[in-house]
Each structure stands twice: as C-alpha cells, then as structure tokens.
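The values are calculated or read from the model by the stated rules, or taken from the named source; none is laboratory data. For clarity, every value in this text was computed on a predicted model and none was experimentally measured. Methodologically, a virtual Cβ is constructed for each residue, glycine included, from the backbone with ideal geometry; neighbour enumeration extends over all protein chains shown. Calculation scope for accessible area: heavy atoms of the full protein, side chains included, ligands and nucleic acids excluded. Shrake-Rupley method; radii C 1.70, N 1.55, O 1.52, S 1.80 Å.
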Amino acid sequence: MQKLQFGVAYYPEHWPQERWAEDIRLMQAAHVTVARLGEFAWSSMEPVEGQFNFAWLEKAIEMLAEAGIATVLGTPTAAPPAWLAQKYPTTLATEETGRQAQFGNRCHYCVNSPEFHTASRRIVQAMAARFGSSPHVIGWQLDNEYNRVCYCDHCRAEFQAFLRERYGTLDELNRHWSTAYWSQSYSDWAQIPIPIGPHNPGLMLVFRHFVTRSYQNFQQAQLDELRPHLPPSVWVTHNFMGWFGAFDHYTLTRDIDFASWDWYIGTGHIDYLTTGAIHDLTRGFKQKNFWLMETQPGNVNWSKTNNVLNRGEARAMAWHAVAHGADALLYWQWRSALGGQEQYHGSLIDQSGRQRPFFDEAKRIGQEFAQVADLLFGSIIQSKVALLNCYDSRWSLEFQRHNSEFDYVRHLTHWYRALAARNLNVDVISADAALDQYELVIAPALLVLDEARAEKLKAFVQRGGRLVLTVRTGMKDRHNALLPQRQPGTLAELAGVEVVDYYSLLEPVPVAGELFQGTSQLWAERLQILDGQSPVVLACFGASNGWLDDQVAIALNPYGNGFVYTVGAYLDVASQQALTDQILNDARLEMFETPPGIEVRPRTLVNGEPVYFIINHTRLPQTVSLPWAAFDHLTGKISAGEMEFAGYAVAIVTRQKD
Ligand code: GAL
C-alpha cells in the first residue's frame with residue numbers, strides 16, 4: 001500500500017543528460033512524487049541484440065531519487081526495436097488483411113511469436129537483474145496497453161492447439177458449434193481458421209478466449225523473469241484501456257498486483273456519469289484500488305479536434321478518479337519529444353523546455369495530493385450495488401448486434417448513469433464474482449448463462465438480494481450457442497416471467513406504468529407471466545407493432561427473501577431514472593440528490609469513516625446543501641448548510657464532530 005502518488009511519464013532518453021536536472025527541478029516544483037520511465041526505450045537499453053546499456057537509465061533513476069521522486073519502470077516490449085524486426089521478421093504481427101505490420105510505429109509484435117518471447121524475456125530479465133532490487137523503483141508496468149490481435153500462421157496453429165485443449169475431440173467442437181450448419185464440420189484440427197469478419201459464433205467467441213490466453217502467456221513470460229528479482233513490496237501492474245474489448249481483463253489481471261488504466265477524453269469534455277463507470281470497471285478487475293497510469297495534460301494529438309480541457313477541468317477529473325479508487329495519477333507526458341509521432345500532444349513542459357499554462361494546474365493538483373495523502377492512505381471504496389460485466393456476453397452481442405445501435409457497453413452505461421446520478425458507489429465486477437457484500441445486483445444484458453451463474457444469482461436472491469435482469473438476458477451458453485429455452489433461461493424461475501419474443505425496434509415504442517410514461521428504444525421484450533407465478537407488473541408496452549401492444553414490459557417478482565426485476569425495455573433517460581430511483585428506494589439504499597453536474601462520492605478511511613469528494617463538473621457556479629457541518633481538507637474551512645461551488649470546484653470533506 002502506498003500513499004496517493006502524483007506523477008508524469010518521463011522519457012530521459014529523448015533528451016541530453018544536461019537537461020535532466022532542470023526537468024527534475026521543475027517536477028519537484030510541480031510536487032511530482034513518481035515518474036514512469038522506460039516503457040518505450042528498448043532500443044536505448046539494448047541497442048544491439050544481447051548488449052545492454054542501462055547506465056543512462058540508472059543515472060536518471062538516481063537523479064530522480066535524489067529529488068525525492070520514485071520510479072515506476074515499464075518493460076519496453078510495446079516498442080520492439082528495428083534490429084529485432086530485421087533479424088526475426090516473424091516477430092512482426094500479421095494484420096487481418098494478411099499484410100505484415102510495418103516497423104516504425106509500435107505494438108507491431110506478434111504476441112505468440114517464440115522469437116518475440118525470447119527477446120522479451122531477455123530484456124525483462126536484464127532490467128530485472130539491474131533494477132529489481134533498486135530502492136528507488138517502487139513498481140513495474142508490463143508492456144503498454146496490450147492491444148494487437150495477430151493473424152499469422154503461427155497464431156493459427158497455436159489457436160488450433162488451444163481448441164484441441166479446450167474441446168478434447170473434434171466431435172465435441174462440432175457439436176458445440178453446430179457445424180452441420182452450412183457444412184462446417186471439421187475432420188482435422190488443421191482445417192479450423194482464425195475468424196476474419198463474420199463467422200460461426202462459437203468460433204468467434206473462442207477466438208477471443210485464445211487472444212486472452214495469448215496475452216496471458218506473454219504477460220506470464222515477463223512475470224517469470226521479473227518476479228524473482230523483486231522484493232515483496234515492489235508491485236507489478238499493466239495499464240489497460242478501460243472498455244477496450246479484445247480480451248478478458250479479469251483473466252489478465254489475475255497475475256498482477258493491481259490494475260491501472262489510461263484515461264483520455266480525446267475530443268470534447270468529461271462526462272462524469274460515463275467515465276465513473278470506467279474507473280469502477282478498472283477497480284472491479286481485481287476489486288482493489290487502481291492507478292491512473294496515464295491521463296491527458298490538456299489535450300491529446302490523436303483525436304478529431306484535440307481540444308484542450310477547460311481550465312480547472314483536469315483538476316476536477318483528477319479528484320473524480322481518486323473518488324472512484326485511483327491511488328495515483330500520472331500525466332502523459334512531461335514533455336513532447338522534438339520528433340516522433342506525438343509532437344502535438346499535451347504536456348507540462350513545452351518544446352522550448354518551459355512550463356505550459358497547464359503546468360500550474362498540474363502543480364496545484366500535485367500540491368493537493370500531498371496535502372491529503374495521509375488522510376487517504378489505505379482508504380477504499382465500499383459499495384452495496386454491483387453491475388455485472390461479462391466479456392462473453394459483450395462479445396456475443398458485438399458479433400450479432402441484431403440492432404446495429406445496440407451496444408453492450410452503452411447499455412451497461414445506461415444503467416450505470418442512473419445510479420451515478422444519485423451518487424451511489426457502484427462496483428462494476430465480473431459476472432462470475434462473489435455477490436455476498438451486495439444488496440442490489442444489476443446484470444445488464446447477461447446474455448451468456450450457465451448453471452453456475454444461474455445458481456449464484458439464485459442464492460443471492462434467496463438470501464434477500466435484489467436482482468435486476470434486463471433485455472438480452474439468458475440467451476446463450478458458454479459456447480455461444482442458443483440455449484434450448486426461452487429467455488431468461490433457468491432464471492425464469494426467479495423472474496416469474498419468460499420472454500415470449502424479442503423485437504429490434506425501428507422506432508421507440510411506448511412503455512407506461514405507475515412510475516413513468518416513457519418509451520423503449522432499440523429493443524423490446526414481450527414478457528409473459530409463468531403459470532402459478534404472480535409478479536407485480538410495473539409497466540406495459542403501448543400500441544406499437546401489434547405484437548407488443550398491451551404486453552408486459554417490466555415485472556417484479558418475489559423469490560426467497562429477495563426480489564427480481566425483469567426489465568424488457570431499453571428505457572429513455574427520464575424513465576430509466578424513475579425506475580432506478582424506485583429500485584433504490586425499494587432496497588433502501590441511500591441516495592444523494594445533487595444539482596446536475598455535481599458529484600458526491602465517499603471513500604472509506606482506515607478508521608471506517610467516510611470522506612466525501614464533492615466535485616462540480618460544470619463551468620458554472622453551483623450550490624450544494626450539506627446535511628451536516630463539513631470540514632474541507634483542502635481549504636481547512638468548516639461549512640454548514642449551503643456550500644458554494646465555483647465552476648470545477650472540488651471539496652474533500654469529513655463530517656465535523658461537534
Ligand atoms: C496512450 C499511450 C501513450 C501515449 C498516449 C497519448 O495510449 O499509452 O504512450 O501515446 O496514448 O495520448
């Protein structure tokens with residue numbers, strides 16, 4: 001466990017050594033406590049195969065340490081050097097089109113290439129031997145933003161071996177994938193392709209599992225070289241990309257100490273009701289606080305408009321991240337290299353080596369982090385509400401959206417936003433995680449269902465939990481085959497209803513009940529009450545395509561000591577909020593009503609008390625009514641009653657004891 005850290009990505013290899021002292025002086029001025037180094041510096045560390053040059057890196061680490069700045073070291077495997085590609089062309093990935101990736105950008109590697117594994121192990125081993133026990137290196141980041149999927153012949157052979165391990169026999173595989181359909185039956189493992197474009201749904205799903213396994217193996221190779229050199233206090237992480245979906249993040253975070261992510265807005269401004277879900281997702285990978293390993297200092301260079309964040313917005317974003325469980329925030333990057341692909345990216349220092357206007361905002365954040373680091377040390381996020389996230393369900397829906405506008409992540413976020421608007425802490429967790437600590441569980445589009453999942457949800461409701469099932473639930477098995485039952489599969493027993501048919505919508509259809517008069521967009525499911533069951537009908541569809549007219553849209557069923565809501569509609573925003581409020585009220589979960597744009601979030605301190613982050617995410621002044629006298633740890637002031645918030649203002653408050 002470490003205190004809240006504030007930092008930057010620093011690339012000393014871009015600059016002459018004479019410059020470093022000035023950079024470090026400016027970092028100190030900005031209250032930087034940690035610098036991330038090395039993650040693209042392979043050619044500087046190993047200019048020739050097997051010949052290492054770490055002197056410069058050691059010098060930089062030492063100079064930073066003398067200034068009280070710790071180092072996080074990145075393994076440089078996301079930027080394999082030119083000599084490697086030249087000598088071992090098979091280390092280059094093959095794109096979907098069959099074209100080989102070109103050298104000169106980054107992440108051009110084939111994640112399964114044996115030559116690439118050998119080279120990666122060698123550089124990681126050498127770095128670990130040199131820096132693993134350095135008192136200045138507090139942690140390691142493996143690679144950078146795993147992302148590429150390779151389609152080369154070697155990957156195909158490994159995929160076939162993976163399938164053999166998974167299915168045992170071709171008969172099993174053929175059965176699960178229904179390969180009699182379109183004469184797809186396989187009589188030899190070597191016949192099975194890597195799916196490119198639309199394909200058999202079973203094949204497509206299991207290929208994602210293979211991509212996950214590929215990165216897991218690659219990561220493990222690095223861990224095997226690194227861990228033996230690290231003292232127990234030194235951690236290992238990886239910087240993921242939020243909702244990026246090429247692999248299962250729950251599997252990939254199993255073997256590292258905590259998850260990190262890189263948060264960029266690109267074009268536009270923060271929408272905290274949506275970004276909160278990504279912080280909570282990252283925290284949920286290991287159900288632990290996380291690091292924000294990269295975030296944007298002002299603007300990026302890769303988006304449509306690359307507008308700058310408003311003055312003050314980055315500070316609000318920083319505290320938003322901390323309020324959702326970030327234990328560190330690092331800006332990418334300190335200073336742009338004079339050459340290279342990212343010359344126009346935001347930074348703290350400009351091309352002349354001087355401070356950009358953003359520097360002052362960063363400095364303020366650094367100073368405030370230092371101010372509350374002791375208070376927040378060891379604090380965690382506690383939640384009674386879980387949103388279940390399932391990669392298999394997401395992938396299956398992405399392969400066959402049925403309505404091109406239906407997006408798994410957007411749908412999950414739709415549910416998240418209504419909770420976040422009421423300032424509730426939410427854990428976004430794996431659909432296979434334990435549910436013991438929760439009172440309310442929402443399972444958006446939990447398409448893939450098996451007995452273990454159904455049993456766990458049943459036990460949760462049985463003991464008094466409230467479960468929300470939404471559209472597109474309980475339709476597929478683990479092989480992406482249709483379940484031979486109506487939706488929601490075996491959960492129907494809990495729900496008291498089944499789905500007699502589902503409809504992709506051309507236009508919104510009316511949905512009305514006591515709670516709201518609204519519409520369902522994109523999707524609607526006609527519910528039917530099961531014989532012998534008597535759920536409460538919360539809403540019905542209005543006149544639309546004839547099939548849905550007057551049919552049940554939303555039902556609430558008691559089961560065991562708990563309740564199940566089945567929501568067959570994808571509601572408009574206002575109706576979604578009304579339904580969510582009702583569900584939260586039913587569950588007696590505490591909501592904070594705040595003006596739009598004001599976020600209030602608690603972290604639980606080590607003494608068990610909550611500390612609240614109150615953030616104005618708008619440019620306009622706002623007033624917040626405090627339920628009690630509050631001590632603001634940033635200003636040292638006590639406020640009671642109405643508290644004024646200027647645009648982008650932040651307060652970090654605890655309840656003032658009388
Ligand atoms: C990230 C990447 C960084 C930097 C940044 C620019 O995806 O990890 O190295 O390129 O984007 O926004």
Mind counting the residues in region 12-22 that are within 16 Å of the ligand (Cβ to nearest atom) and surrounded by fewer than 23 Cβ atoms within 10 Å (Cβ to Cβ)? 2
Where in region 477-529 are there strands (runs of 3 or more DSSP E), lying wholly inside it, with at least 3 residues that are open to solvent by 40 Å² or more (accessible area, probe 1.4 Å)? 497-504, 517-529
Strands (runs of 3 or more DSSP E) wholly in region 595-658 with at least 3 residues that are open to solvent by 30 Å² or more (accessible area, probe 1.4 Å) - which ones? 622-625
The residue from R417, R453 that alone is open to solvent by 20 Å² or more (accessible area, probe 1.4 Å) and at pLDDT 95 or above is R417
Name the single residue, out of those in region 285-298 being outside any strand (DSSP E or B) and open to solvent by less than 10 Å² (accessible area, probe 1.4 Å), that is farthest from S430 (Cα to Cα). G298
Of all residues in region 264-320 being more than 16 Å from the ligand (Cβ to nearest atom) and among the hydrophobic types (A, V, I, L, M, F, W, C), which is farthest from the chain's Cα centre (by Cα)? A316
Log entry, pairs with first residue in region 415-439 being closer than 15 Å to A323 by Cβ and of a type in the set (S, T, N, Q), second being open to solvent by 20 Å² or more (accessible area, probe 1.4 Å) and assigned to a strand (DSSP E or B), beta carbons closer than 9 Å, six or more apart or on different chains, reads N423/P602; N425/P602
Does D436 satisfy the condition of being within 24 Å of the chain's Cα centre (by Cα), closer than 22 Å to V206 by Cα and surrounded by fewer than 16 Cβ atoms within 10 Å (Cβ to Cβ)? no
Give the residue that is nearest to the ligand (Cβ to nearest atom), with candidates limited to residues of region 23-51 that are free of Cβ contacts under 8 Å to residues at least 60 places away in the same chain, farther than 16 Å from T75 by Cα and polar (S, T, N, Q). Q28
Of all residues being in contact with a helix residue (DSSP H, G or I) (Cβ under 8 Å, 6 or more places away or on another chain) and not in a loop (DSSP other than H, G, I, E, B) in region 84-113, which is farthest from Q341 (Cα to Cα)? Just the residue, please. T90
Which ranges mark the strands (runs of 3 or more DSSP E) fully within region 338-450 that have 2 or more residues being farther than 23 Å from Y502 by Cβ? 385-389, 426-430
Would you please list the contacts, defined by Cβ atoms under 8 Å and residues six or more apart or on different chains, that run from a residue in region 552-579 that is under 12 Å from V471 (Cα atoms) to a residue that is of a type in the set (D, E) and assigned to a strand (DSSP E or B)? A553/E525; G568/E525; A569/E525
When you go through A434, A370 one by one, which is the residue that is closer than 30 Å to R208 by Cα, of a type in the set (A, V, I, L, M) and more than 16 Å from the ligand (Cβ to nearest atom)? A434
